[in-house]
Amino acid sequence: MGKRKKYKVKDVAGKLAQGFLKNPLTAVLGIVLLALGWIALTTMPREEDPQIAISGGAVIVAMPGATPGEVENIIVKPLERKLREIRGIEHIYGMAMDNVGIVNVMYYIGEDREDSNLKLYDKVMQNMDKMPKGVMKPLIKPFDIDIDVPIMTLAFYKKKGSLLSTTELVERIKKIQQKINAIENVAKTTLKGAHKEQYNIEVDMGKLSAYHLSMGQIMMAVQSLAVNVPDVKGRTKDGKLTIFGVANAIESVEDVKNVMVANYMGSPIYLRDVAKVEAGIDKQNFQDVGLIKRKDNNIKNSFEKEIPQVTLTVAKLAGTNAVFVAKDVEEMLKEHETEFEKEGIGYIVTRDYGERANEAVNELMHHLIITIIIIALMLVFALGWRESIIVTFTVPAILAVTLFIAFITGQTMNRITLFAFLLSLGLLVDAAIIVIENIHRHLHSHDADSKSMEELLVEATDEVGAPTNIATLAIIMTMVPMAFVGGMMGSFMKPIPLNVPVALFASLVVAYIFTPYLSLKLLKKPTHKHHSKKRDNKEGS
Amino acid sequence: MSGFARFIYNIINSRFKKTLVILLTAVAFFASLMMFPTKLVLAKMLPGKSDNTYSIYVDTPTGSSIEQTRKVTKCIDNILMKEKEIKNISVFYAQGIPLDYAGLVKGASMKRTENVAEISVNLTDKHTRDEPSFLMTQRLRPIIDKKCSNIVKGTNIKLIEQPSGPPTLASIVVEVQGDNIKESRKLAVEVANILSKTDGLVDVDVMADEIYDKYKLIPNIDKIARSGLSIKQVNNILYLSFEGMIIATKNSENHSDQIPIFLVLSDKTKRLSNSSKDAIRSKLTSLNLMNQRGMMVPLTEVVDIKKVKSEPMIMHKDLKRSINVIAETDMVSQVYPLLDAREKMIEHFSKNYIVEKAGFSTYMFDLYLTNKKTGEKFLLRWDGEMKVTLDTFRDLGAAFIAALVLIFFLLVIYYKSFSISGIILIGSFLSLIGVIVGHWVADQVTQQTFFLTATSLIGFIALMGISSRNSLLLVDFAMSLMAEHGMEKKEAIAVATATRAKPIMLTAVAIILGSALLASDPIFGGLGVALISGTVAAVFVSLLFVPVLMDNAKAINGDKFEDTLIDQEHPNDISITR
């Protein structure tokens, strides 16, 4: 110190450096930061794409027998006018078809979903009294991107030689569906291509006219038998209850066959005489799903003929980890493997967003690490390996802070969040580089000997403080307006303006606190020709 | 003075060399801007990304049966089954595939008619596959179109890629708005024809129902009343016979659902011999209705059969009648085909219509048509990805201007001088040269077209901050040299440039290396390239151009810095601790 007056700290940079330089808690702080980052990294929900708040819905109004022109005038136009009154709607799409009118509304991106749905219900319900006659009750279907977009689809099919019938396969899958729904964070599961069991009565038209019957008669005959009535309670004289009831007339498909339809010339005509009656599947449902797979699902084998499949879709709750949900589902299926094997049920995972999300996130994490190593190597050559270690340490610390802040503010880890990190990576080592470069310069300058190590570090940090603050602030300012970009793209890119400023701010604080601290531990003043030993001893302490 | 310092000193000492530097920079700037109109650099919102899946949408004309649709999908399946990289194929008849991001806006969940089908194709892992999914669809598209779209006339087949960014209805959407539906439909078809003739556009589709022949059974009210029947009965019997109805249900303990009992005419007997009026009549004669008196009345007695045209669906957008014509781009930016098609449309429609162009807004491509004879007005509105792109670019542009203003104010607060702040701002703005040239180079290097995208713009905005930091450190250091060491201005600038060159280079290299892996990503490639090339340009600008400007600026002198040093302490503290 000697003759020179003590350096006066001017900037926050210097104050931070001074405050933490000899503080024993600095090391603890560093470890805590890294630990928080680790917690965030492992528990944060992972997704491939960021969540975009798309809200909207459809109002479906059926009017049997109406032509598109009628539907347009009676349903679509008044409904559109009413819905137009709702605030926050960007577009209204009306469709007038035969028998039905549909009005879709799309809210502006970013509108609160619950609010939007409520507003839609509210508007339709308020105007129920204005509904025209002969129109069925309107159906309101808000769409929900989290619940509606499945993260997993599973194709179930019957293996060759399986004895299961189509409906039995569906029954088995329904059991699995029940179990999957019980898994934590699973939201909506649906089946596609599932056929229900049904008794089909196929009337032969020729016989119909031969026996002089009408379809209405057949309908009435079946309906009159297919009634289910609750049991009746009869009371005995001494006040006890005796329960009795009519048994269901139709218990099996045989009972349907034996329904008497009419009397023709004195002899009864049974349903089996005029129609083919069988227990089958709902044949009027043409929404089949086919699967074309390779033999043994091996990519080297050739394709087999198309077989019917039942697709089970699994969606997750909003804000939960797609990776975990998908993994749980897969484990659940593994448990049933032997059961499937026995019954000849095969399955293929035809969509797995969990895996995709994990892959995308891991790939980017990998990129992040490679980038950090490359920058560290570059610094070894430019500044020396001790300096390089110091700068390299600051990177995980900054990322840890940013990640943790993202975690507690309810963001998910997705491609864009990680891109925000990759983007900021080049920027956030800057503060540390500038500080370490100045420390380096000061250590090698000619008046280094006259100052103590601490004083020198604080001075070096403080000196570059002001311009670094301004420059970092300038970059933060370029990012802030991006948060106000609207539309899909704005929502999609939102993690960038949310995270980059945080990372940059963290980079400043970390650079001012940890760079001088680590420099004190790792760096030594270069030995000049007329150095004093006293100084070196002091550094070691 | 070091070698580099002497080099800088030489430049700023000579008026000629200074002018030369400014001139060269200006030339570079305008030359790079010229790359847009000359189409050396193409703009697009987001490029495609390779994925492990894609889907195929099949639309046979409205009114087609599921059998016809199945024939088309069968044909597509046969083509797909020859592909080596396909793992499995799922075909969803009369419905959409389980909802995905593309289907969300393309209305996949609304599909439930017999004339639609969607095919979901799963590919092998993209890391081990040579051919990206977007090249595969590009290759298969013409083959499928040629072989399968003629099986049922009027079939539309679309190959849908997963969107790399936010999903849109289609790359190009032309909304034909007008009250006269017939005329609008005609216009829509003409628009579709022009679009399909435009290079680079594929999967053109008019999103309207086709008009097909159908038969109407007109109930003879008089006869119905006299026979003791009701129209409802007539309707029911027809529906019951041909479509079938669930007439009762049976509860069961052994099944998870009730078992419905379904009544219909048998498939063999209800099939019509052909779709003529007589065939229908002969079928209907065997259908009887029972009246209140228990007498049988043949259905044909009480109805007349008439051939009519089907009435297509009427679509509204924002309360106006509108028909959408959509098209996808085939590996090209949607901007250029759009401009081509629009030119052709203006030419085509000006025969029968008065064509007016729209004013400057994000709907700037719109065309207003007025029929020369009838005076009816129509609007051709360009929507879809193009609109989203324009909106995004407009918003990003506004964000960019806001960023410029914010930085400028920040610098003015710090330096208390407009000219210094201006120098720093100009210096950072010039990194645009690097961004544009960088995209051109990237386009030359990569196989596919490398577009200037929305993410490139984000990169450029971020660059503004980064390169202003370079100039900032430079100006700061030069001023402190003058103030503390009493150096002469030119010398101080030269020394400052040389001393600051190392950290400027270091941070630049850090950014370049940090963004190197970004550049290979499909979506963020633009951002990566913008950062890399922009940073290179920024280094040149701040080490050559900025010193020249600094020398010219009167505001840079020692005294000023002394003042500011004392003054700036305070506001700066506040701004950073907040």
- Taking θ as phi - 60°, what are the ³J(HN,Hα) couplings along the range B:86-101 by the Karplus curve (6.51, -1.76, 1.60), each to the nearest whole Hz, with x for Gly and Pro? 8, 7, 7, 10, 10, 10, 10, 7, 6, 6, x, 5, x, 3, 10, 5
- Computed over all unlike Cα pairs, the Kirkwood hydrodynamic radius of the range A:86-149 in Å stands at 13.3 Å
- For chain B, the Cα-Cα pair-distance distribution in 10 Å bins from 0, as whole percents, is 3, 13, 18, 17, 15, 12, 9, 6, 4, 3, 1, 0, 0
- Note on the structure: A correct Karplus calculation of ³J(HN,Hα) over the range A:493-503, with 6.51 cos²θ - 1.76 cosθ + 1.60, θ = phi - 60°, whole Hz and x for Gly and Pro, returns 8, 3, x, 5, x, 6, 9, 4, x, 4, 4
- Message: If you fit an axis through the alpha-carbon atoms of helix A:385-408 and take the longest principal axis of the Cα set of chain A, what angle between them do you get, 0 to 90°, nearest 10?
- Response: 40 degrees
- Query: What's the Cα-based Rg to Rh of the range B:442-506, Rh via Kirkwood?
  - Reply: 1.26
- Fraction in percent of alpha-carbon pairs per bin - 20 Å, the protein assembly as shown: 10, 33, 30, 17, 8, 2, 0
- the range B:435-480 - Debye-derived log10 I(q)/I(0), Cα point model, q = 0.14, 0.17, 0.19, 0.29 Å⁻¹: -0.49, -0.61, -0.67, -0.98
- Item | Shielding by partners - mean other protein chain Cβ count within 10 Å, residues of B:92-103 | 6
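If you count, for every residue in B:314-324, the Cβ atoms of partner chains within 10 Å of its Cβ, what is the mean?
Mean shielding count: 6.
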- Could you tell me what percent of the DSSP beta bridges with both partners in the protein assembly as shown are antiparallel, to the nearest 5? 95 percent
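Fewest Cβ neighbours within 10 Å first, please rank A:Leu36, A:Leu139 accordingly.
A:Leu139, A:Leu36
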- Log10 I(q)/I(0) at q = 0.16 Å⁻¹ for the range A:259-388, from Debye over equal alpha-carbon scatterers, is -1.04
- Task: Mind checking B:265-271 for the average number of partner chain beta-carbons within 10 Å of each residue's beta-carbon?
- Result: 6
- Inter-part gap, Cα centre of the range A:89-160 to Cα centre of the range B:325-380, in whole angstrom, is 32 Å
- Describe numerically, in nm with one decimal, the distance between label points set 7 Å from Cα along Cα→Cβ at A:Ile373 and at A:Arg441. 3.2 nm
- Note on the structure: So, relative contact order of the range A:315-432 in percent, Cα under 8 Å, 6 or more apart, is 27 percent
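Values quoted throughout were computed directly from the atomic coordinates according to the rules given, and no laboratory measurement underlies them. A quick note: this is a predicted structure, and the numbers were derived from the prediction, not measured. Note that we place each Cβ from the backbone using ideal geometry, even for glycine, and neighbour counts take in every protein chain shown.
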